[in-house]
Amino acid sequence: MDVKRIFCIGRNYAGHIKELGNTPDEAFVVFMKPPSCVVPVGMPLTLPRDKGSVHHEAELVVLLTGGGADIAEEAALSHVSHLTLGLDLTLRDLQNRLKGKGNPWELCKAFDHAAPLGEWKPYHGHNLQDLEFTCQVNGELRQHGHTRDMLFPVARQIHILSRTWALRDGDVIYTGTPAGVGPLLPGDRVSLQSAEIGHFEWNCV
Ligand code: ZN
């Protein structure tokens, strides 16, 4: 399935907001990555060099179908066709500098290989706010999230995004990361797992 646009939701789990020293507020944080960032399962995950720390952010990812503008929250989940897990890779040191200057985040979020993406699993209407997932690096548990902890549930994300962008077939949403983000280094093996969705791994180079 071709990915059209990648929307990413920031600051969507209280535990992650706290670990980065941000304060929770009502704001909806969204940014985009070009589809050229995608790294499918089985491809080496080439990390940027000489740009400071590269952090893993494990996230539930949804694929949209039959898009549209101004989608009501109540109808939003009928636009979800598939699920998977992905990594919103982040150049954290650079992000902190960009935040300090009030500059956009493309340099720290939208670089080549910044969107490892698992294999799609068809969505059959199970509760998207009742999914558990983990991120392990070299077998060590780094992140253990549950989607009930999202501040903006998936249906509300679709509703809000559709008020700014008419959504389209092939649009993808990275739905935010729970606590436990941390660095990846060349040689690391990073794996994402969810009983309901699957198990996906990448070797970092
Ligand atoms: Zn993220």
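We did not get these values from a lab; they are worked out from the coordinates using the rules stated. Only a predicted model underlies this, so the values are computations on that prediction, with no experimental measurement involved. Reconstructed Cβ throughout: ideal geometry from the backbone, glycine too, with neighbour counts over all protein chains shown.
General observations
- Residue pairs, from the table LYS51/LYS101; LYS33/LYS99; LYS4/LYS33; LYS51/LYS99; LYS4/LYS99, whose Cα atoms sit over 21 Å apart: LYS4/LYS99
- Taking every DSSP helix (H) stretch of at least 4 residues in the chain, weighting each as -39,500 (n - 2.57) and dividing the sum by the residue count yields a mean residue ellipticity at 222 nm of -3500 deg cm²/dmol.
- Across the chain, Cα pairs under 8 Å and at least six residues apart give a relative contact order of 35 percent.
- Amide proton proximity set for TYR13, modelled H, under 5 Å, gap of 5+: LEU151, THR177
- Check: the chain dipole with +1 on Lys, Arg Cβ and -1 on Asp, Glu Cβ, in debye: 580
- Each of the trypsin sites (Lys or Arg not before Pro) that DSSP puts in a loop and that has at most 12 other Cβ atoms within 10 Å breaks the chain; the longest unbroken stretch is 50-162.
- The long axis of helix 92-101 is offset from the longest Cα principal axis of the chain by roughly 70 degrees.
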